[in-house]
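Every number here is computed from the coordinates shown, using simple stated rules; none is lab data. All values reported here derive from a predicted model rather than from experimental measurement. Glycine also receives a Cβ, built like all others from the backbone with ideal geometry; neighbour counts cover every protein chain displayed.
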Amino acid sequence: MEGRDKVFDEPLRPAGSPLPALADNPSVGVRVRRALRLDWCLPLAVIALAAGLRFAGLGSQPLWLDEGYSWWDAHQTLADLWSLVPQCDPHPPLYFVLLKAWTDALGDGTVALRALSALLGVATTVAVVFAGREIDRRIGWVAGLLFALTPFQVEFGHEARPYTLLCFGASLIAFGALRIARVARVAPLAHQAPQVPGTASQPAGPAAPWFGSVLRLLGSPVESALAGWVALLVGGIIVLWTNNTSVLIIAALCAAFVLLLALDVRSRHLLKPLLFVVAIVVLLWLPYVPTLLEQARGVESDFWIPKPEGWRFANELRFVVSLNAFDAVWWAVLALVGGLILMWRRGAWRQALLLGFLIAGPVGLNYALSMTIKPIFIARALIGVAPAVVIVTAAAVMLIKRPWMRYGTLAVALVAHAAALGLWFENYQGKEPWDRIATEVASGHPLSLSAKSDVVVLVAANELALPLSHAFEDIHAAVPLQGAPANFPSPGMTARYPSGKCAPSVQGQNLAAIRKAVGGHHTVYFITRKNNVYDPGNGIAAFLASLGLKQTAVTTYNPGSLEVHEFVAPQNAPRVFAHVQLPPGSPGAN
């Protein structure tokens, strides 16, 4: 059923399938012209919507802690991106290399840093549209629309972190797998694409590149499958060099193809090119494996993610497979099962098989590892299943047979996505308010009665210096900044999390550097988090008190429970101690 000539009535009309001749029937010609207009107008509108949602408000919030890591990473040398950065920020270096080149060209302001993620989010939307079109043209634009409106995707499109790059690589894998599945039923011919009956032959195009030549020698129908193989190759490299858990995506993909080759005799010609592509991906990834193993040993000994027991399993999945709603997870799973069944029944069983594995495989393997070895089950690491999820969800809607039910379900799905996105915007509390903290520290805390001509800022954990330094840079403030027990990065000291060895614990460390940093200053701002695991018991505050400094005020900023402790020399201390808690969005001293 994958190549029929009806324009709207047939459930499956993938990209590349022939359209009826316009001269055969004038009414059919009108329908074809309308279809051609919709064929590109709708996807372009979807892409524009995705861009608007992701680029709007990029600079409205300061960088938070994890983005501060990205800012610091992008300023390192290429040698340190390979050696030092993986110790401090437990991700492969591809995103940070791209971000380094990006900031070299556009600067390292908040908008510039996040614009790369926004652009990658738009590119992923494009890839999702094209991937869905491999099943049916309508599934393509609907999948892109659902992806554009997903709150989780919009959120990470506003963050300077690697997860949008991971999702982009996963979308290329989905497109490549679906393209190959669509042409898998065609036996390889003698160096030419299969000819569709009833269509005019096309002149031969330019010679295929070296990659196409190799695939031709391996027995692949190059002209129709080349884009799919290239997408698999590039997507596989991207995901493996962006996130350590992406090996589970590659494992799921390989398992899906093995099962496909076992079930479908006409797909056996894909074995050699598949092995060729997987071999290239693995060979190009091998240089990072020693670093991955070292990071894995650290995660196994101490990590902060709890086991995905009971409600935690659904709590993480709700971001990736549903609309941030805990109760909607099982409805989303039901829609995915229904979409896979409809695809199977309509003849796209190969596509259903591959997409099902790309969803269930990474989730199941991640869960198994989390329950048996060490918990790594967290939504942002599972973001790679999102392209397959929206494609199958779109299929569950657009392959409904009755038009009134199909478009009614589509309307419900779009309203649900728009409502979820609206609720996310309404309930969003913002990022850590480092801009407010930097402004108030630089200009003088409103609660302080002491002189501000001679101040120093002390932070614990020392990683808090990263977003605070960027905030000081944004307001062009030169404020002395000292990490506790030592400045960031501090590899080699006793770290709280072995997966991030550059932020050491305060307990048991030599605090001589702090004594030297604060000595002679009238005012010391000590910035930490409430119940900070790096400094349990507020040892730094006690140490400052032991030096004769008097604590005069504590202000708590939310979100993030960031505490600013003000210490002054005794002769400058006011009589009244103040403790203020500022809620999210509070203007503070502004």
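A few points about this structure:
- Gap separating the Cα centres of the stretch 315-345 and the stretch 257-296, nearest whole Å: 28 Å
- Segment H476-F326, extension gain: residue separation times 0.36 nm, minus the distance between their alpha carbons: 49.7 nm
- Restraint check, K100/K501; K374/K501; K100/K431, Cα-Cα greater than 20 Å: K100/K501; K100/K431
- Distance between the 7 Å Cα→Cβ label points at W304 and S60: 2.6 nm.
- Efficiency of FRET between L292 and W404 - r from beta-carbon atoms, R0 56 angstrom, step 0.05: 0.60
- Phi angles across the stretch 108-121 convert, under the Karplus curve 6.51 cos²θ - 1.76 cosθ + 1.60 with θ = phi - 60°, into 3J(HN,Hα) values of 10, x, 4, 5, 4, 4, 7, 4, 5, 5, 4, 5, 5, x Hz, Gly and Pro given as x.
- Gain in span if fully extended, T556 to A279, counting 0.36 nm per residue against the direct Cα distance: 94.4 nm
- Where labels lie 7 Å past Cα in the beta-carbon direction, separation of N427 and A227 in nm: 3.9 nm
- Under a 5 Å amide H cut-off, with hydrogens placed 1.01 Å from N, A461 pairs with R529 among residues at least 5 apart or on other chains.
- Within the stretch 263-339, GluC sites (Glu not before Pro) in DSSP loop having at most 14 other beta-carbon neighbours inside 10 Å: E309
- 3J(HN,Hα) along the stretch 403-411: x, 5, 6, 4, 6, x, 5, 4, 4 Hz, from the Karplus curve 6.51 cos²θ - 1.76 cosθ + 1.60 with θ = phi - 60°, whole Hz, x for Gly and Pro.
- Packing-based ranking of 280-289, 69-78, 329-338, 114-123 yields 114-123, 69-78, 329-338, 280-289, ordered from highest to lowest mean Cβ neighbour count within 10 Å.
- Residues A105 and S83, FRET efficiency given R0 of 30 Å [Cβ-Cβ distance, rounded to 0.05]: 0.75
- Computed from the C-beta positions of N315 and M371 and an R0 of 22 Å, the FRET efficiency is 0.90 to the nearest 0.05.
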